[in-house]
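As structure tokens, the structure follows; a few thoughts come after it.
Please treat every number below as a calculation from the coordinates, not as lab data. It should be emphasised that the depicted structure is a prediction, and the values quoted were computed from it without experimental measurement. Cβ coordinates were reconstructed from backbone atoms using ideal geometry, including for glycine residues, and neighbour counts include every protein chain displayed.
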Amino acid sequence: MSRYLKTGLVKMSELAEIAGNIATVRERIATACAKRSPELQSVCEQPRLVAVSKKKSLQHVLRAYEAGVENFGENYVQELVEKASCSEMENCPNIKFHFIGHLQKNKVSKLLSAGDRLFMIETIDSAPLAKHVNDAVAKRKVETPLNVMLQINTSGEDSKSGAEPDSCVTIAKFIIEECKQLNLKGLMTIGSWEQSTSDSDENKDFKLLSSLREKVCKELNLERKNVELSMGMSADYEDAIVQGSTNVRVGSFIFGARVPPPET
Ligand SMILES: *Cc1c(COP(=O)(O)O)cnc(C)c1O
């Protein structure tokens, strides 16, 4: 059995704090929403809270679900599939998983084996990957199209995945026109650490993602409310919401710090 499904390694102190942390995040989300410009307030709803449970146990997920969270983010295909297909899920009909890690083509069919528990892939970053996922979805039994987001490397850092900002419209158009098994829900970015920790009120990466949405909407004739923005993590979700995020991905603030990889 995978270590993520075992109970032995779980820190009880972390579990005890999950519900309180979620309550705090929800309050801060509401406060940040109230700080949005009137223009943004009229087009976006309360953002979806995605609790990022990567490298955290099944117990962490179940505890957060009890506290009302339904969306969970995972970075590793194997871990998502194990959590999504374990027997405890029968008692959690509303749990939805978001894949938020870098996706390799050779892992796509494994990822799709999570079935309709896989609510969204947020990290499509090229037309060939979109096409590959599209063709794999066509072969599966679930009939509805799969929700995807187009990940953009807004900070231009080599360490970050994502498509070039300049190719955003082209790839979005390709997904809409050529990938009938995919439902393009929006744009996603991580952004640089410098931007998320700077004192400035405006995060340039979030601003760029938001301007790319304007461009996509204008050139592809879409309504802004139908193109989501997935941006904001533990360190910067409040700023992201003020700048229009509709989907925040919060991990360590809810579940505690992740164990660093062993030193090599
Ligand atoms: C890990 C991760 C998160 C959550 O990060 P925290 O800082 O723990 O909130 C969000 N988005 C992506 C893409 C991630 O990989």
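Tabulated data for the structure shown
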{"item": "Pairs, first in contact (Cβ under 8 Å) with a residue 60 or more places away in the chain and at negative phi in segment 116-136, second β-branched (Val, Ile, Thr) and buried (at least 20 other Cβ atoms within 10 Å of the Cβ), C-beta under 7 Å, six or more apart", "result": "120/148; 122/100; 123/100"}
{"item": "Pairs, first surrounded by 15 or more Cβ atoms within 10 Å (Cβ to Cβ) in segment 139-150, second in a loop (DSSP other than H, G, I, E, B), C-beta under 6 Å, six or more apart", "result": "145/181"}
{"item": "When residues of segment 170-194 are limited to those that are more than 19 Å from the chain's Cα centre (by Cα), of a type outside the set (Ser, Thr, Tyr) and in a helix (DSSP H, G or I), the one surrounded by the most Cβ atoms within 10 Å (Cβ to Cβ)", "result": "174"}
{"item": "So residue 100, is it β-branched (Val, Ile, Thr), farther than 28 Å from residue 62 by Cα and within 16 Å of the ligand (Cβ to nearest atom)", "result": "no"}
{"item": "Count of segment 183-204 residues which are within 16 Å of the ligand (Cβ to nearest atom) and of a type in the set (Lys, Arg)", "result": "1"}
{"item": "Scope segment 230-239; condition out of contact with any strand residue (DSSP E or B) (no Cβ under 6 Å at 6 or more places or on another chain) and under 26 Å from residue 173 (Cβ atoms); matching residues", "result": "231"}
{"item": "Filtered residues of segment 205-264 (kept if within 16 Å of the ligand (Cβ to nearest atom), more than 16 Å from the chain's Cα centre (by Cα), touching a residue at least 12 places away in the same chain (Cβ under 8 Å) and surrounded by fewer than 17 Cβ atoms within 10 Å (Cβ to Cβ))", "result": "258, 259"}
